[in-house]
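Read the structure below first, then the notes.
The values are calculated or read from the model by the stated rules, or taken from the named source; none is laboratory data. Here the structure is a predicted model, which is why all the values come from computation and not from measurement. Glycine also receives a Cβ, built like all others from the backbone with ideal geometry; neighbour counts cover every protein chain displayed.
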Amino acid sequence: MIKTLYKIFKVGTITESLTPEQNDNFEYVGDCCKKIIDGKFNGSLSIRQIDAGSCNGCELEIHALNNSFYNIERFGIHFVASPRHADLLMVTGPVSRNMESALITTYNATPNPKIVLAIGDCGACGGVFGCSYACAGAISNVIPVDGIINGCPPTPMNLLQGILKLLQDK
Amino acid sequence: MTDNNKIHIQFLKLLNAETGFGVDYSLPKLNVISILNLPSKFWQTATSISAKLAYRFVGIWAQDLNETIELNIMLELQGVFLLLRTSIDIYTPEIASVTPYFPAANRLERHTHDMFGVIFTNHPDERRWTRHMAWHKDQFPLRKNFIFNLNSVNTTLPDNVYPFTKVHGEGVYEIPVGPVHAGIIEPGHFRFSVAGENIIHLEERLGYLHKGVEKLAEGCDIKQLIKISGRVSGDSTVAYTWATCNALENASNLKISDRALHIRAIMCERERIANHIGDFASICNDVAYTFGYYQLMRLKELWLRLNKQIFGHRLMMDCIQPGGVCVDLSTQHCQDMQEQITKFRCELAELYPIFETNYGFNNRLQTTGVLSYEQALSLGVLGYVGRASGCKFDLRHDACYPPYSTLQPINIPVFQTGDVLARLRVRAQEILVSFDLIEQLINTLPTGCILEQWINHKKIIEGIGLIEGWRGEILVFVRVNDNGLIERYFPRDPSWFSWPALEMLIHDNIVPDFPVCNKSINGSYSAVDL
């Protein structure tokens, strides 16, 4: 146990610190998010992530938002296990035809008002996969979409900036 | 007769004795792999003999050659590969199933049926696999006459009629899970049959991520193919682009520089380490060991940040091209990687003993999700899943390819217990082995150019690529037509074999241990749904 505590103590707080206002500073962007979330969502924004056909690249980067560097929960943003608990759906694509119905069901299971964010180039426009017998392409071809975060995959920074932009627009 | 064929001589002798076919022992070659062309009536005999001689099943795939469908089976014995080939008529596409001899072929044959309409007689499971409701059972997407851009305006129906195996008995109940799961993970459906707390049967239903990768690749040029290959499975983007380039380079006899090979291997090892650390962290998370989770996720993030700095992309996507790589390493880059490895060694030297001595953590992992050696062998399980159950095979060791063949022999960690802990230990050890490999690769980094020009051959060429990705051996087959466009692209992920292993090892475990068992396997959904 002493070793565990020693290691925790030695690593210290690595969460990125506040530097002058910049759009590429994670904490600054996060703080902007937090102000809106405090005002509009009573301090907490619940996200349900849905993989509707992604290659798993986007999922890796969404995961990274929870590591100690980004620690997205400090801005009141957290990932929930059920669409019934969600304010925002983060959907990665392209929407495969085999996931089409599951995506619609999940969308319908999310209480109103709900926001949908299409993640990654594939979610935005179908990416390299496009529309075919197997893919329905962009998320917006299947459910209404409120915002897009481009990138293949988008970095954690891109993701947070995208969330902020969406919250500001809403 | 070349040396490579020597190993197959017993197989060929037995085949000649049983069939009277009279195979010439000097087999033709595809790249360095011997090919045996067979009439389809000997297909079953050939596979049953190879199974008796303990060949490993590597993969089965088909291609539509207009009037005929060509079937390929890849086998391996002592690190030497053998390709069996046969053709069947496209109007009566029937052939004997090899699943009775190689259980590993089960889902790949069902996939081949759904995509080509090949009927595998005597297949123990005649249900569809990749096909859900997106196309009709009489349509076969990988036939040449199938239209790729079949845009349907109607919403595809959910596959509610798939006939799952029913388990009967007093008190047995079903838990259906997915395709949308509770975490940030890929979609798939799991049907648990449970008595009390113990899982007595698990059935997987995948295919939700079917994006038509194989069909999409048809007609693409080389550049587009590389882009697609990097997105077969985003977590293995380096391994897939390398394997695909490897297949293309083998097909066209394009020799690439040693420097490019070294850089490819450095990227591949970096990808291995990133994923091993990340999954190690997730396993900690699945048994509520948050200390381990946050420490390891911290290390993974640092690792990815250096990727971004050196290769311009956190996951190193699109850095490998046919003919070499498009990112060169400076002395500063090498120094940065070296320093990071030194730092990580110290970090892990502190962390590993903490994990090893944490009773609660080890207690959850020991004897959980046991895959026996016999089970692993029969399913042909690869990578860390195999190595945790005593199946040692690693391409970098057993069928070594450059640049690994220029390095010191690789130390492959192997465990026998086959539980979650063993799989974790294999990965913990592999991280350290990969540190050594990267150091060796940096220290022996040759000078020279990094990208050779890709030449269009103006004739039909075929090639096979084999690369040890972090999940295990990745096989890629490509066929390029005389215009330099792709005719057939087939990537086979090691997850084809580890998914069935999950169904076996979960038996008699409690439902709350499923996430950790699943994570310890971490099969790719995207790379098997294709």
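All but one of (1) under 17 Å from residue B:221 (Cβ atoms); (2) buried (at least 20 other Cβ atoms within 10 Å of the Cβ); (3) hydrophobic (A, V, I, L, M, F, W, C) hold for residue B:455; which doesn't?
(2)
Being in contact with a strand residue (DSSP E or B) (Cβ under 7 Å, 6 or more places away or on another chain) and assigned by TED's automatic domain parsing to the domain that holds residue B:363: is that true of residue B:263 here? Steps first, answer last, please.
Working: in contact with a strand residue (DSSP E or B) (Cβ under 7 Å, 6 or more places away or on another chain): yes; assigned by TED's automatic domain parsing to the domain that holds residue B:363: yes.
Here the answer is yes, as residue B:263 does meet what is asked.
Name the residue that is nearest to residue B:504 (Cα to Cα), counting only residues in the range B:90-105 that are surrounded by fewer than 23 Cβ atoms within 10 Å (Cβ to Cβ) and of a type outside the set (A, V, I, L, M).
B:103
Looking only at the range B:158-212, count every residue that is of a type in the set (Ser, Thr, Tyr) and either in a loop (DSSP other than H, G, I, E, B) or within 29 Å of residue A:129 (Cα to Cα) (or both) and tell me the total.
The number of residues fulfilling the criteria is 3.
Does at least one position in the range B:215-222 carry a residue that is among the aliphatic types (A, V, I, L, M), at the interface with another protein chain (Cβ under 10 Å from one of its Cβ atoms) and either assigned to a helix (DSSP H, G or I) or surrounded by fewer than 21 Cβ atoms within 10 Å (Cβ to Cβ) (or both)?
Checked against the condition, which is being among the aliphatic types (A, V, I, L, M), at the interface with another protein chain (Cβ under 10 Å from one of its Cβ atoms) and either assigned to a helix (DSSP H, G or I) or surrounded by fewer than 21 Cβ atoms within 10 Å (Cβ to Cβ) (or both), the range B:215-222 yields at least one hit.
Would you confirm, using the coordinates I've provided, whether residue A:45 is over 28 Å from residue B:154 (Cβ atoms) and in contact with a Gly (Cβ under 7 Å, 6 or more places away or on another chain)?
Answer is yes for this residue.
Looking at B:287, B:327, can you tell me which residue is of a type in the set (A, V, I, L, M, F, W, C), crowded, with 21+ Cβ neighbours inside 10 Å and assigned by TED's automatic domain parsing to the domain that holds residue B:419?
Details: B:327 fails: crowded, with 21+ Cβ neighbours inside 10 Å.
Exactly one of B:287, B:327 is of a type in the set (A, V, I, L, M, F, W, C), crowded, with 21+ Cβ neighbours inside 10 Å and assigned by TED's automatic domain parsing to the domain that holds residue B:419, namely B:287.
Which residues, counting only those in the range A:70-87, are within 29 Å of residue B:232 (Cβ to Cβ) and either free of Cβ contacts under 8 Å to residues at least 60 places away in the same chain or of a type in the set (D, E, K, R) (or both)?
A:79, A:81, A:83
Mind checking which residues of the range A:127-144 are under 16 Å from residue A:57 (Cα atoms) and surrounded by fewer than 22 Cβ atoms within 10 Å (Cβ to Cβ)?
Selection gives A:128 alone.
Which one of these is at negative phi, in contact with a helix residue (DSSP H, G or I) (Cβ under 7 Å, 6 or more places away or on another chain) and part of a helix (DSSP H, G or I): B:105, B:46, B:51? Please lay out each step first, then the result.
Values: B:105 fails: in contact with a helix residue (DSSP H, G or I) (Cβ under 7 Å, 6 or more places away or on another chain); B:51 fails: in contact with a helix residue (DSSP H, G or I) (Cβ under 7 Å, 6 or more places away or on another chain).
Residue meeting the stated conditions: B:46.
Yes/no per residue for (1) modelled with pLDDT under 90; (2) among the polar types (S, T, N, Q); (3) surrounded by fewer than 16 Cβ atoms within 10 Å (Cβ to Cβ):
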residue	(1), (2), (3)
A:11	yes, no, yes
A:15	yes, yes, yes
A:28	yes, no, no
A:33	yes, no, no
A:36	yes, no, no
A:55	no, no, no
A:63	no, no, no
A:75	yes, no, no
A:86	no, no, no
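Hand me the list of strands (runs of 3 or more DSSP E) wholly inside the range A:32-134 holding 2 or more residues that are within 9 Å of chain B (Cβ to nearest Cβ).
Details: elements: A:45-51, A:77-79, A:88-92, A:115-119.
Of the strands (runs of 3 or more DSSP E) lying wholly inside the range A:32-134, those with at least 2 residues that are within 9 Å of chain B (Cβ to nearest Cβ) span A:45-51.
Under the condition of being β-branched (Val, Ile, Thr) and under 22 Å from residue B:262 (Cα atoms), which residue from the range B:333-355 is surrounded by the fewest Cβ atoms within 10 Å (Cβ to Cβ)?
B:342
Quick one: in the range A:149-161, of everything that is crowded, with 21+ Cβ neighbours inside 10 Å and more than 14 Å from chain B (Cβ to nearest Cβ), which residue is modelled with the highest pLDDT? Before the answer, list the steps.
Taking the range A:149-161 as the starting set, the residues that turn out to be crowded, with 21+ Cβ neighbours inside 10 Å are A:149, A:152-154, A:156, A:159-160.
Right, trim to more than 14 Å from chain B (Cβ to nearest Cβ) and you get A:149, A:160.
Working: A:149: 93, A:160: 88.
Here the answer is A:149.
Taking the range B:366-385 only, how many residues are outside any loop (DSSP other than H, G, I, E, B) and either within 25 Å of residue B:439 (Cα to Cα) or in contact with a strand residue (DSSP E or B) (Cβ under 7 Å, 6 or more places away or on another chain) (or both)?
Of the range B:366-385, the ones outside any loop (DSSP other than H, G, I, E, B) are B:373-379, B:383-385.
Going one step further and asking which of them are either within 25 Å of residue B:439 (Cα to Cα) or in contact with a strand residue (DSSP E or B) (Cβ under 7 Å, 6 or more places away or on another chain) (or both), we end up with B:383-384.
Matching residues across the range B:366-385 total 2.
Please state which one of B:178, B:183 is facing another protein chain (nearest Cβ under 9 Å), modelled with pLDDT under 90 and at positive phi.
Every option except B:178 fails the conditions.
Given the residues B:160, B:145, which is the only one that is away from chain A (no Cβ under 12 Å) and at pLDDT below 90?
Details: B:160 fails: away from chain A (no Cβ under 12 Å).
Exactly one residue qualifies, and that residue is B:145.
Of a type in the set (Phe, Trp, Tyr) and within 14 Å of chain A (Cβ to nearest Cβ) - does that describe any residue in the range B:359-371?
Scanning the range B:359-371, I find at least one residue that is of a type in the set (Phe, Trp, Tyr) and within 14 Å of chain A (Cβ to nearest Cβ), so the answer is yes.
Testing residue B:87 on (1) touching an Asp or Glu at 6+ places or on another chain (Cβ under 6 Å); (2) farther than 26 Å from residue B:204 by Cα; (3) surrounded by fewer than 14 Cβ atoms within 10 Å (Cβ to Cβ), one condition comes back false. Which one is that?
(3)
Return the total of residues in the range B:126-141 being within 11 Å of chain A (Cβ to nearest Cβ) and in contact (Cβ under 8 Å) with a residue 40 or more places away in the chain.
Looking only at that region, the number is 5.
Please go through (1) in contact with a Leu (Cβ under 9 Å, 6 or more places away or on another chain); (2) of a type outside the set (Ser, Thr, Tyr); (3) part of a helix (DSSP H, G or I); (4) surrounded by fewer than 18 Cβ atoms within 10 Å (Cβ to Cβ) for residue B:402 and return the number of the only condition it doesn't satisfy.
(3)
Please pick out the residue among B:304, B:315, B:296 that is part of a helix (DSSP H, G or I), facing chain A (nearest Cβ under 9 Å), surrounded by 15 or more Cβ atoms within 10 Å (Cβ to Cβ) and in contact (Cβ under 8 Å) with a residue 24 or more places away in the chain.
Residue meeting the stated conditions: B:304.
From B:372, B:378, which residue is under 30 Å from residue B:246 (Cα atoms) and among the hydroxyl-bearing types (Ser, Thr, Tyr)?
B:378
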